[in-house]
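First comes the structure, then the notes that go with it.
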Amino acid sequence: MATSEQEVTIDVKLFVDKEKKKVLFAESDKEFVDVLFSFLTIPLGTIVRLLDKQSQMGCLDEVYKSVEDLSSDYFQTKACKAMLLKPLNTASSHCHRLKINIDDTKPREVYVCKDTSCYAHCAFSSVPDTLCKCGKVMEYAGDRPEDDAKTAAAGSENGVFVKGNQKFITTDDLQVAPASTSLMLSLGREFGVQDPADLEQTILQLTSEKQPLTGLHFDVPITTDDASFCTIPLNLCPEQESDSEDNKGNVKIKVLQTKISSAVLYAEVGHDFVDLIFGLLSVPLGCTIKTLGQSLSKGCIGNLYRSIAGGAEGCMGPDYQRLLLAPELPPFFGSAASQILQAPESAPKNIKIDSCFSCFKIGGFSNLGRCREQDYRYNSSYRCWRDEFTNCQNTTKTAEICELDPKLHGVQSSNRDAYVKQGSQSFMVTDDLHVRPLTLDSSLRVVSEGEVQMKDLVEKEVAVTKFQIMELQRAALMTREALSSVLLPPKKKKKNLKHLMY
Ligand SMILES: [Zn+2]
Ligand SMILES: [Zn+2]
């Protein structure tokens with residue numbers, strides 16, 4: 001984002017059907033298209049945060065609130081909580097060049113152990129509250145400078161993802177393509193425009209406050225409460241035999257439901273199941289469409305995703321196409337959830353600094369010079385006047401620091417894919433995927449809120465397969481009743497929804 005005081009705006013020309021008062025499509029320069037495509041690189045947790053936990057994306061608002069409310073004690077480290085609430089964007093060095101960058105996460109912050117006598121090797125973290133191997137909490141040392149080579153590549157000709165100087169047409173449901181006569185004619189036919197005079201043209205000035213993610217003139221990215229995708233019901237049969245090879249990856253949960261209607265009150269789960277839900281927050285939006293595809297991508301965001309290899313193909317280089325179609329997770333942000341989604345992690349970074357590590361600990365990026373500061377003074381051992389280093393006697397005046405896993409707890413070995421601490425603690429997950437520690441009190445409250453009698457309840461143990469976990473993740477993005485839509489056979493009442501879709 002530009003740093004000037006003056007507010008940056010992007011002009012978008014809207015073509016509105018005068019009679020229906022509906023935006024049919026928009027014409028813009030590549031800057032607007034770049035902003036739209038950048039949505040695919042944004043992690044789900046960031047989208048929820050930017051929309052103030054009112055994203056309406058399935059259960060994700062509840063998942064996010066659960067992480068916020070859960071004490072750090074339940075996570076492997078305090079940093080794990082920060083990784084889920086403020087996940088980093090792997091494409092941030094590109095998004096940084098967007099005219100309007102809506103992702104306000106600070107990707108270049110560098111944290112180090114500031115203890116100059118620390119025995120641990122040269123390490124840094126991009127996540128606050130990361131623990132050094134010596135056990136101390138890493139502290140902020142400044143922002144890593146922007147990679148000059150990448151910034152220079154952004155000539156006037158090239159946008160961020162999209163190149164060229166042509167105009168682009170974006171439909172109301174986010175299909176993007178370069179403007180052309182044939183496109184204009186086909187859009188005219190599609191929208192039944194007889195006379196161009198029926199269209200009103202208005203200029204919309206987008207700012208970082210007023211951008212399309214807030215639904216301004218465009219739909220909210222993912223359709224909500226559409227559970228009709230759910231085709232693989234898991235019958236709640238008692239005590240499945242789970243010794244066979246195929247069932248090794250299954251996650252055992254206990255479901256509390258009513259005897260008569262089988263309504264799910266909540267599931268009692270362990271840390272492994274919670275990780276499968278929480279981990280979704282650090283996954284980029286584009287990854288979920290890539291893997292969960294089909295039904296998920298019926299909404300606007302699916303159209304946007306398809307435009308990259310469809311209508312807008314040829315408007316960007318293959319590297320950028322890959323970056324948008326299969327965005328990676330930042331180093332160490334992977335989890336059981338991202339593994340199910342087959343979303344890879346990018347490699348950890350090393351940073352070269354122009355001072356020794358001790359001086360960096362003291363001065364950070366803003367005072368790298370202290371390492372080489374010299375003074376003309378008398379040296380008693382050489383018995384002469386000469387230039388002497390004033391602050392630092394280290395002979396090596398550069399250092400390379402490598403990225404440390406924020407999930408690590410000191411020298412203890414821990415499960416590097418897990419955000420949640422391993423242990424016997426049980427959690428309660430409600431149908432809308434709100435997660436809280438299981439206590440007698442919370443359990444009784446849910447039962448009383450469900451207005452059911454204790455005698456009408458039954459507890460069933462279920463082994464959830466990897467495939468069902470994937471269905472659950474899909475449900476988490478699309479419906480408020482994620483657990484029951486995956487755990488129960490499809491209800492008849494869903495028929496009317498299906499009818500709407502076909
Ligand atoms: Zn240390
Ligand atoms: Zn030094």
Global geometry of the range 282-360, whether rounded, prolate or oblate, following the gyration tensor of its Cα atoms and the 1.5 cut on a/c: oblate
The range 355-397 pair-distance distribution - Cα-Cα, 5 Å bins, rounded %: 6, 26, 25, 18, 12, 10, 3, 0
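What length, rounded to one decimal in nm, is gained on full extension from SER448 through to THR395, with 0.36 nm per residue of separation minus their alpha-carbon distance?
Numbers: separation 53, 0.36 × 53 = 19.08 nm, distance 6.98 nm.
Once the chain is fully extended between SER448 and THR395, it gains 12.1 nm.
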Residue pairs, from the table LYS53/LYS86; LYS99/LYS349; LYS133/LYS252, whose Cα atoms sit over 24 Å apart: LYS99/LYS349; LYS133/LYS252
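What FRET efficiency do you get for GLN54 and CYS384 if R0 is 56 Å and r is their Cβ-Cβ distance, rounded to the nearest 0.05?
Values: r = 72 Å, r/R0 = 1.28.
After rounding, the FRET efficiency stands at 0.20.
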Amide proton proximity set for ILE42, modelled H, under 5 Å, gap of 5+: LEU285, GLY286
The range 355-397 - charge dipole about Cα centre, Lys and Arg +1 at Cβ, Asp and Glu -1, debye rounded to 20: 80
Around LYS53: net Lys/Arg minus Asp/Glu count, Cβ-Cβ under 15 Å: -2
Accessible surface of the range 355-397 [probe 1.4 Å, protein heavy atoms]: carbon and sulfur percent: 44
Distance-filtered residues of the range 454-470 - backbone nitrogen under 20 Å, label point 7 angstrom along ILE260 Cα→Cβ: 454-460
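Determine the per residue accessible area of the range 355-397 with all protein chains present and a 1.4 angstrom probe, expressed in square angstrom.
Solvent-accessible surface per residue comes out at 66 Å².
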Percent of Cα-Cα distances greater than 14 Å, calculated over the range 163-214: 68
Distance between the range 42-96 and the range 455-473 - C-alpha centres, whole angstrom: 25
Contour minus Cα-Cα distance for GLU209 and GLN422 (0.36 nm per residue): 72.6 nm
Label-point separation, ARG144 to GLU7 (7 Å along Cα→Cβ), nm: 3.3
Spacing of the two label points (7 Å from each Cα toward its C-beta) at GLN374 and SER93, in nm: 3.3
Å² per residue, accessible surface of the range 1-117 at 1.4 Å: 40
Those GluC sites (Glu not before Pro) in the range 177-211 that DSSP places in a loop and that have at most 11 other beta carbons within 10 Å: GLU209
Gain upon complete extension [ASP17, ASP115; 0.36 nm per residue less C-alpha separation]: 28.8 nm
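The values are calculated or read from the model by the stated rules, or taken from the named source; none is laboratory data. Values in this document were obtained by computation on a predicted structure and should not be read as measured data. Virtual Cβ from ideal backbone geometry, glycine too; neighbours counted across all protein chains shown. Heads up: the accessible areas ignore ligands, DNA and RNA and are worked out on the full protein's heavy atoms, side chains in. Shrake-Rupley method; radii C 1.70, N 1.55, O 1.52, S 1.80 Å.
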